Amino acid sequence: MRQYGNSYMSAVWQQLATQHDACVALKHYYIFMLYHIAMADVGDFNMCIDGGSMPVSGIVLTCAASSAEYVAQQLSGFSGVEIHGVLPDGKIVAVLEADTVDGEVALVTELQDMAGVVSVQLAYHNFEDFDAE
Amino acid sequence: MELTRRDFIKASAAAAAFAAVGVSVLRPEEIEAAEAGITWGKAPCRFCGVGCSVLVGVKGGKIVTTKGDPASPVNKGLNCIKGYSLSKVLYGKDRLTTPLIRKGNEMVEASWDEALDLIASKYQKAIAEHGPDSVALYGSGQWTVQEGYTASKLMKGGIGTNNLEVNARLCMASAVAGFMNTFGSDEPMGCYDDLDLGDTYILWGANMAEAHPVLFSRLIDNKLKHPTVRLIDIATRRTRTTKMADEYIPMYPHGDLAALNAIIHVILRDKLYDEAFITRHVSFKRGKENAPYGLKDKEVFNETPADVKPLTFAEYQALMQQFTPQWGEKVSGIAAQKIEELARVYSDKTRKINSLWTMGVNQHSRGVWVNNLLYSLHLLTGKICRPGENPLSLTGQPSACGTTREVGTFAHRLPCDMVVTNEAHRKKTAAIWGVDPGKIPAKVGLHTMEMFRAIDRGELKCIWIQCTNPFQSLPNLTRLRKAAEARKAFIVVSDIYPTKSTELADVILPSASWVEKEGVFGNTERRTQQWFKMVEAPGQSREDTWQLIEFAKRMGHGKLFPYPEKTMHRDIFEEYRKFTIGSGKDLAPYEAYAKVRGLRWPIKADGTETRWRYTEADDEHVQKGEGIKFYKAPGNKVNVWFRPYEPPAESPDQEYPFWFCTGRLLEHWHTGTMTGRVPELRRAVSGATIELHPEDAKLLGIGNRDPVRITSRRGSIVLPAEIGGRGTPEKGNVFTTFFDETKLINDLCIDAFDPLSKEPDFKKCAVKVQKA
């Protein structure tokens, strides 16, 4: 598996690999995600879209345990949604990016209405580059 | 490859989300780097009564990031979508930053001295010419404890009037009256832990998924982990809550009053009650009936001790015989068979039964009675005061409990469950306030509906509104707005943005909000939470406590507030705390709240919190061997009330054939002055719509998004139709939300209110619906 030098991801991977219960599903989805990154244009991946006004949020989607995989697959097609993990109890951890807070809220609303999704909740929200209009 | 700041932030975002699901992630330097320059502090959320804790990140004097607080037992690291607006909300473009005084049709900038001098002179003039009852203060369940306490002391102990009211009159008053006349003490006996520990949850007219989202997700977590957990949604409308429920039971508006009586009938008929529990803990009572609906100005209706008749259990059972399941079906719309089933659910000894309710029950012209009947279900079956098994009255605002109810900022109240009509209560209050007991009036002041009607009649000369938006949120709005427009009273409004109320003011004062000031809130489960100031308020805006104290000084009541500026918030809290000691609502010292994610009162001698009241297992006021003891009720016996069915104030007829119901949705909060003020969020949910049942829409020739005219006897409005969206009313019903300031739907609402709680019924009146 190619390492893209993202030390955060490798640190997470290492930590999670020691947590047996979580690691199975997470392993699967890390491979899944890394595959997508591998398929991306190398220039895109660097993500040197520096600062600007794109807020970032960390969210937790709750799904019924049996729907989580399906939901995660659907999410892979969403731009601005990056899955960081799927847990055996049906929770999905993701990072959202959008152009505006408006966009983030619209995205969360869309996710909320997806089949298989019970709820979408916010864990973290940062918009320090965002100017008040 | 180099990592950008964005990468670091994304790492933090993921880490926070992992923390919220209990997966701890080793934090490499990247996450530390993301946090560089950010100072974190805790605060309860500014929005609903759930009381989630939020970690607020400040950089360069501005809030730049928020996190669900992982250390909070309430939300455990998660926030709902309104969390996106928490920090943006303070930085909208048209934030009020200077005092403004009306000069003709213009609002002109003024200094604080000018504004406060003017307000004081108007109040003094009114008091001199018409007495202290010609002035009023109208506050909020979003006031901090310090703000509410200052307001109460000023009005009742300084100016000498009980004309102090709050917007919680419009949301929780029925719940309060239900607590007081059943248990002798306000506020729940259980807590949020019951959502994790129970197995049966019956929702009565409560769309928890949208109104109490984080609490609902705790419930759903329980359900997903334990497949035997059952969620029953009894409602007049299908919602996101319905989607997660095991069973949806549709009901006619006002049908709860009938259904509950019918369920109790079955419990009695089939002897499903707990006789030992009843004998030990329950008194049966019959109150005053044939109650009015508050539609006439100055209509008086009270249930005094003289109006209350004790009943024997046998007499009570005889009275309940009329409420057969067949009768219940006719009146409530719930099938007789279903009523029988619900009686069996409520008395099921193998399950832990919880009832949950909020505005569907409280904003009801017989809301107090419905609260009483819900308690009766739990009291007759003995299913109460146990971990995982309790009735839970949900609260709408962040501090309707902590401030308005606990501090007692109502026309009839004093702190800590005390009332103005009781001489001993006035004496105790006066002693702590350091005023003559004769200062506090024994006469109950004007309740909210009467306060605003009194402006129209020219009897109320001055009103100061803080932290709420009555000229959008009151029912039968047109009458009250017209009175304000005619300048019948001198109106002061303290707020953070221009609203439908500031536009009618003579003086507008800019307020500090949330983490721009230090404060304390109290949530639904008796959890008192404190926070420190984290950022400066913009421009000249000042916190409401400061505004009231400056006003007090000019009114000659400055000595009531001798607190040094540096320790003011702590000092006010500690003075208020004196009321609570030994009362069963004991609060902890201020410093304790600064350290933890809140504490649930009553606080025990060792400083720890109480999760379950009235039970020897957790409540220190109950001795070993006493089991359950309702020690706040007279004779330790709680009341099961006989409450008959009485119809709504206005029902559909030939001319106005539809039920009209109003409420909230997830993304916007109340009148949208905060969430709606931020352009991005306003665009996220574009505006109020009218929900119709698809068959009704078809018959009327209305398609999704078509303009629809809705007319009541009081007003008319055009809204776009929403068919097949997140909510579907039952046939013959329409539903809309009140967050949109361009659509004053409350013009249509009837100003009927519960005769005991004086809380208006926003959930039912009659309208006609046509394609516009």
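Number of residues in the stretch B:147-186 that are among the β-branched types (Val, Ile, Thr) and either in a loop (DSSP other than H, G, I, E, B) or more than 16 Å from the chain's Cα centre (by Cα) (or both) equals 4. Taken over the stretch A:67-119, residues that are touching a residue at least 12 places away in the same chain (Cβ under 8 Å), surrounded by fewer than 19 Cβ atoms within 10 Å (Cβ to Cβ), of a type in the set (Ser, Thr, Tyr) and closer than 22 Å to B:Leu666 by Cα amount to 1.
Looking across the stretch B:381-391, just one residue is surrounded by 24 or more Cβ atoms within 10 Å (Cβ to Cβ) and outside any loop (DSSP other than H, G, I, E, B), and that is B:Pro391. Annotation: of all residues in the stretch B:713-729 being touching a residue at least 60 places away in the same chain (Cβ under 8 Å) and not polar (S, T, N, Q), the one that is nearest to the other protein chains (Cβ to nearest Cβ) is B:Arg726. Restricting B:His447, B:His412, B:His425 to residues that are more than 30 Å from B:Leu86 (Cβ to Cβ) and in contact with a helix residue (DSSP H, G or I) (Cβ under 7 Å, 6 or more places away or on another chain) narrows the list to B:His447.
Of everything in the stretch B:196-210 that is in a helix (DSSP H, G or I) and crowded, with 24+ Cβ neighbours inside 10 Å, the residue that is farthest from the chain's Cα centre (by Cα) is B:Ala209.
Quick grid of which residues meet (1) among the aliphatic types (A, V, I, L, M); (2) in a helix (DSSP H, G or I); (3) at pLDDT 90 or above:
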position	(1), (2), (3)
A:Met47	yes, no, no
A:Gln74	no, yes, yes
A:Glu82	no, no, yes
A:Glu110	no, yes, yes
A:Ala115	yes, no, no
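Restricting attention to the stretch B:557-579, the residues that are more than 15 Å from B:Gln146 (Cβ to Cβ) and surrounded by 12 or more Cβ atoms within 10 Å (Cβ to Cβ) add up to 2.
The set of residues in the stretch B:7-24 that are more than 7 Å from chain A (Cβ to nearest Cβ) and under 18 Å from A:Gly80 (Cα atoms) comprises B:Phe8, B:Ala15.
Listed here are the residues, each with its yes/no results for (1) under 22 Å from the mean Cα position of the chain (by Cα); (2) among the aromatic types (Phe, Trp, Tyr); (3) outside any loop (DSSP other than H, G, I, E, B); (4) not assigned by TED's automatic domain parsing to the domain that holds B:Pro227.
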position	(1), (2), (3), (4)
B:Lys349	no, no, no, no
B:Leu373	yes, no, yes, no
B:Arg405	yes, no, yes, yes
B:Asp417	yes, no, no, yes
B:Lys428	no, no, yes, yes
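Only one entry in B:Arg269, B:Arg240 is in contact with a helix residue (DSSP H, G or I) (Cβ under 7 Å, 6 or more places away or on another chain) and among the basic types (Lys, Arg), namely B:Arg240.
Evaluated against (1) within 14 Å of chain A (Cβ to nearest Cβ); (2) under 30 Å from B:Phe216 (Cα atoms); (3) surrounded by fewer than 22 Cβ atoms within 10 Å (Cβ to Cβ), B:Lys93 falls short on exactly one condition, (2). A Cβ distance below 9 Å, combined with a sequence gap of six or more or placement on separate chains, defines the contacts here; from the stretch B:342-357, residues that are without any contact (Cβ under 8 Å) to a residue 40 or more places away in the chain reach residues that are assigned to a loop (DSSP other than H, G, I, E, B) and of a type in the set (S, T, N, Q) in the pairs B:Lys349/B:Thr381.
Being β-branched (Val, Ile, Thr) and within 14 Å of another protein chain (Cβ to nearest Cβ) is a property that holds for B:Thr241.
Here is a yes/no grid of residues against (1) out of contact with any Ser or Thr (no Cβ under 7 Å at 6 or more places or on another chain); (2) within 10 Å of chain B (Cβ to nearest Cβ):
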position: A:Ile59; (1), (2): yes, yes
position: A:Thr62; (1), (2): no, yes
position: A:Ala65; (1), (2): yes, yes
position: A:Glu69; (1), (2): yes, no
position: A:Gly77; (1), (2): yes, no
position: A:Gly85; (1), (2): yes, yes
position: A:Pro88; (1), (2): yes, no
position: A:Leu96; (1), (2): no, yes
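The values are calculated or read from the model by the stated rules, or taken from the named source; none is laboratory data. Bear in mind the structure is a predicted one, so any value in this text is a computation, not a measurement. All Cβ positions, glycine included, derive from the backbone under ideal geometry; neighbour counts span all protein chains shown.
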